[in-house]
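What follows is a short report on a single structure.
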């Protein structure tokens with residue numbers, strides 16, 4: 001147990017703010033944005049995460065972005081701009097409103113920043129401890145946001161599928177995924193792990209069309 005807790009206490013000045021960034025700010029912006037934005041639009045905007053990670057890594061001089069990386073950054077920025085503009089023009093019935101798509105962009109920046117800054121932390125603190133104490137650090141923010149939205153929920157109408165989705169999202173999509181992700185970042189360069197985030201839009205777009213009947217917004 002000492003091996004688990006000692007590195008956290010020694011690095012709490014990094015654990016707490018990074019937990020607030022990755023689990024507090026990122027999750028809050030993501031959930032608020034996803035409240036009205038379509039799954040497809042959200043996934044396309046969140047696909048910018050690896051690029052924000054590379055940019056911040058270059059700024060911190062931990063990893064440098066090559067010429068091809070800068071080209072990719074400009075292409076991704078243009079694509080995200082089209083998605084956001086499409087939402088502003090079509091409203092909630094299309095790609096989501098400007099506010100919701102903007103919140104997804106904030107979430108992408110927060111997560112990309114978390115990945116870049118977290119690399120130095122997981123070299124000193126175990127991935128499991130980083131995740132557990134990061135969630136605890138963000139808990140006040142998450143409880144406050146959850147309380148605000150919880151007051152508007154008709155709990156009698158919440159069915160088993162919704163509760164199952166809640167357990168899946170909290171236990172697997174957030175809990176287990178963050179532990180595995182931090183473990184991967186601990187072993188390889190964070191820009192290498194960030195590349196796999198490009199699978200998220202593919203899965204989300206297909207799932208949104210098959211499960212929710214969504215369509216990809218076209219300007």
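Given the Cα-Cα distance of residue 183 and residue 203 and 0.36 nm per residue of separation, how much length would full extension add, in nm? List each step's numbers first, then the result.
Numbers: separation 20, 0.36 × 20 = 7.20 nm, distance 2.24 nm.
Gain on stretching residue 183 to residue 203: 5.0 nm.
Please give the peptides 110-117, 161-168 ranked by average Cβ packing (other Cβ atoms within 10 Å per residue), highest first, as a rough proxy for protection. Kindly include the intermediate steps, with their values, before the conclusion.
Values: 110-117: 23.2, 161-168: 10.5.
Peptide ranking by packing, descending: 110-117, 161-168.
Please give, to one decimal in nm, the separation of the simple spin-label points placed at residue 9 and residue 144, each 7 Å out from Cα toward the Cβ.
2.9 nm
Every number here is computed from the coordinates shown, using simple stated rules; none is lab data. Since we're looking at a predicted model, the values are computed, not measured. Positions of Cβ are backbone-derived with ideal geometry, glycine not excepted, and every protein chain shown enters the neighbour counts.
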